[in-house]
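Read through the structure below, which is laid out as structure tokens, and then see the notes.
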Amino acid sequence: MTKVITYGTYDLLHYGHIRLLKRAKELGDYLIVGVTADDFDKARGKINVQQSLMERIEAVRATGLADKIIVEEYEGQKIDDIRRYGVDIFTVGSDWKGKFDYLNEFCKVIYLDRTDGISSSELRAEQQSLRLGIVGTSPVVEKYITESKYVNGVDAINAQYPQYGLDDDKDSLQNGYSYLLKQVDAVYIGSSPKHHYWQICQALKSGKHVLCEAPIALTEKQSLELFKVAQDNNCVLMDAIKTAYSMAYSRLLLLLKEGIIGDIYSVDATCTSLRNLSNNSWDSICEWGPTALLPVFDILGTTYKAKQIVSHMDDQKKDLFTRVTFVYEHAVASVKVGTGVKSEGELIVSGTKGYVYVPAPWWKMEYFETRYEDSSKNRRYFYQLDGEGIRYELVSFLQTIRKGKKESYIRKNVSSEICSIIEDFYKGTDFIKI
Ligand code: C2G
């Protein structure tokens, strides 16, 4: 029996894929098809895959061409599979010509002509493109325009109306914003936090989906209102906290939930970046608070027993440095944030078996370590992160809209609790000034 193996993503299965599978089958008597896992695709830069692994496996199975279907999950798995299954021939489309010659050491390598005129990325782009309005002038806004080019199906439209800094010119802001909303299907809001509430409200009531820099509002009540408006208008409202959409961060949360460091007793997150402070710059608690609070609330939850906010304010009443500490039933947490004070931007999660160490800048997570008393048990985890995670965030936003998923990566209670902390900061609740 001649065994043949081939691999692919097989997203939105089309006749180019099927032609390849047919010719692969004709090369032998038994065809194994390796379908790539979601994480493996993301790690190799394929971030736009529309269908889930199960959907793609089912589509390949439905062709009836595969005698066996396996999942490709890691770099180097092809060699393992060729040995494990006693494969005689590896084949793949000619767009990969030369890339797999090294497999000649293990089996015969055959490149089959690629079918012209069809590809999954073309099919993805043909789907209704999402016109995304970009709102605001913070430096990160430019990155969204650049990063959107990596996402099939998103067309970024830069804000065609007065940039912020004309805060006193509320009417032109209002008129310009209404004008922009007419041109788009969704907006990314990177404006000052004091504009978030009215801008999100107006967008949602116009039937536009919203991706907004956290905090989405300056009070918990307003944030809950906004989620209700989103639900009433059947629109998506997502926090743009980039860390939440990185593979490393989601894998870290899964490992912690599996108990990899035992019971967790402390979460400590620090985010600082010295800024040229101007009257337009955000308070540290708004600039970095949502990012630093995310792992605390994702790991320990939002039902703490007590908290304390300590801030160092400048003469314009902006917080240059803020520390928030929490006491939970069985744990403690602290976040340190600052745009006027520099510190080590690390994340440390402490447990009864060991701890997780994420080096600075932990919020652009590509790497973390689990460390134990017996250092021979320490493990390191690496995950590729392109573009600081913004493109993954845009893909998640697009997929949430397309699939009509209600729950986004950042749960509503986490988003609202972040707003609640910021509300208490401005109200002076549980607050000490230094
Ligand atoms: N293919 C083809 N003609 C097309 C499109 C794809 O022959 N018009 C072939 C590809 O060359 C590949 C298979 O169909 O052999 C699956 O293609 P994709 O799903 O795009 O996945 P790809 O990442 O190209 O697969 O590690 C090997 C890769 O996973 C190969």
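The values are calculated or read from the model by the stated rules, or taken from the named source; none is laboratory data. Just so you know, these numbers come straight off a predicted model, no measurement behind them. Neighbour counts run over all protein chains shown; Cβ positions are idealised from the backbone, glycine included. All accessible areas refer to the heavy atoms of the entire protein, side chains included, with ligands and DNA or RNA removed. Shrake-Rupley method; radii C 1.70, N 1.55, O 1.52, S 1.80 Å.
Going by a ≥ b ≥ c, the root eigenvalues of the Cα gyration tensor, does the stretch 1-106 fall in the rounded group (a/c under 1.5), the prolate group (a/b larger than b/c) or the oblate group? Walk me through the intermediate numbers first.
Numbers: a/c = 1.57, a/b = 1.19, b/c = 1.32.
Verdict is oblate for the stretch 1-106.
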Quiz item: When ranked by the protection proxy of mean other Cβ atoms within 10 Å per residue, highest first, what sequence do the peptides 349-360, 366-377 form?
Solution: 349-360, 366-377
Exercise. Would you mind getting me the FRET efficiency between THR303 and GLU344? Use the beta-carbon distance for r and R0 = 35 Å, nearest 0.05.
Key: 0.75
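Counting only DSSP beta bridges with both residues in the chain, tell me the antiparallel percent, nearest 5. Don't skip to the end; give the middle numbers.
On the way: 32 of 76 bridges.
Expressed as a percentage, antiparallel bridges in the chain total about 40.
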Quiz prompt | For the stretch 26-85 and the stretch 249-307, distance of Cα centres in Å | solution = 36
Quiz item: Counting each DSSP H run of 4 or more residues in the chain as -39500 (n - 2.57), what helix-only mean residue ellipticity at 222 nm follows after dividing by all residues, to the nearest 500 deg cm²/dmol?
Solution: -10500 deg cm²/dmol
Quiz item: Taking 0.36 nm per intervening residue step and subtracting the Cα-Cα distance, what contour gain separates ASP232 from GLU369 on full extension?
Solution: 45.0 nm
Quiz item: Among LYS182/LYS364; LYS143/LYS433; LYS305/LYS364, which pairs are too far apart, with a Cα-Cα distance over 32 Å?
Solution: LYS182/LYS364; LYS143/LYS433
Quiz item: Accessible area per residue of the stretch 3-121 at 1.4 Å probe, in Å²?
Solution: 47
Quiz prompt | Mean separation of Cα contacts under 8 Å, 6 or more apart, over the residue count of the chain: relative contact order % | solution = 13
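Which shape class applies to the stretch 380-427: rounded if a/c is under 1.5, otherwise prolate when a/b exceeds b/c and oblate if not, where a ≥ b ≥ c are the square roots of the Cα gyration tensor eigenvalues? Could you put the intermediate results ahead of the total?
On the way: a/c = 2.58, a/b = 1.43, b/c = 1.80.
Cα axes put the stretch 380-427 in the oblate bin.
What accessible area per residue comes out for the stretch 275-434, rounded to a whole number of Å², with a 1.4 Å probe? Walk me through the numbers on the way to the answer.
Values: 7430 Å² over 160 residues.
Accessible area per residue: 46 Å².
Take the Cβ-Cβ distance between ALA125 and LYS205 as r, set R0 to 35 Å, and report the resulting FRET efficiency rounded to the nearest 0.05. Don't skip to the answer; put the middle values down first.
Working: r = 30 Å, r/R0 = 0.86.
E between ALA125 and LYS205, to the nearest 0.05, is 0.70.
Take the solvent-accessible surface of the protein heavy atoms, probe 1.4 Å, and return the percent of it on the chain that carbon and sulfur atoms account for.
Working: 9660 of 19560 Å².
With neighbouring chains kept in place, the figure for the chain is 49 percent.
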Quiz item: How much accessible area per residue does the stretch 128-242 have, in Å², with a 1.4 Å probe?
Solution: 41
Quiz item: Once label points are set 7 Å from the Cα along Cα→Cβ at both THR63 and LYS317, what is their separation, rounded to one decimal in nm?
Solution: 6.5
Exercise. For the stretch 128-242, calculate the relative contact order in percent as a whole number, restricting contacts to Cα pairs under 8 Å that are 6 or more residues apart.
Key: 24
Quiz item: Hey, can you rank 60-70, 287-297 by average C-beta count inside 10 Å, highest first?
Solution: 287-297, 60-70
Practice problem: Roll a 1.4 Å probe over the protein heavy atoms and report the accessible area of LYS97 in Å², nearest 10. | Solution: 140
Quiz item: Efficiency by 1/(1 + (r/R0)^6): what FRET value for LEU253 and GLU105, r their Cβ-Cβ distance, R0 = 41 Å, to the nearest 0.05?
Solution: 0.55
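I need the per residue convex hull volume for the chain, using only the alpha carbons, in cubic angstrom as a whole number.
Roughly 160 Å³ of hull volume per residue.
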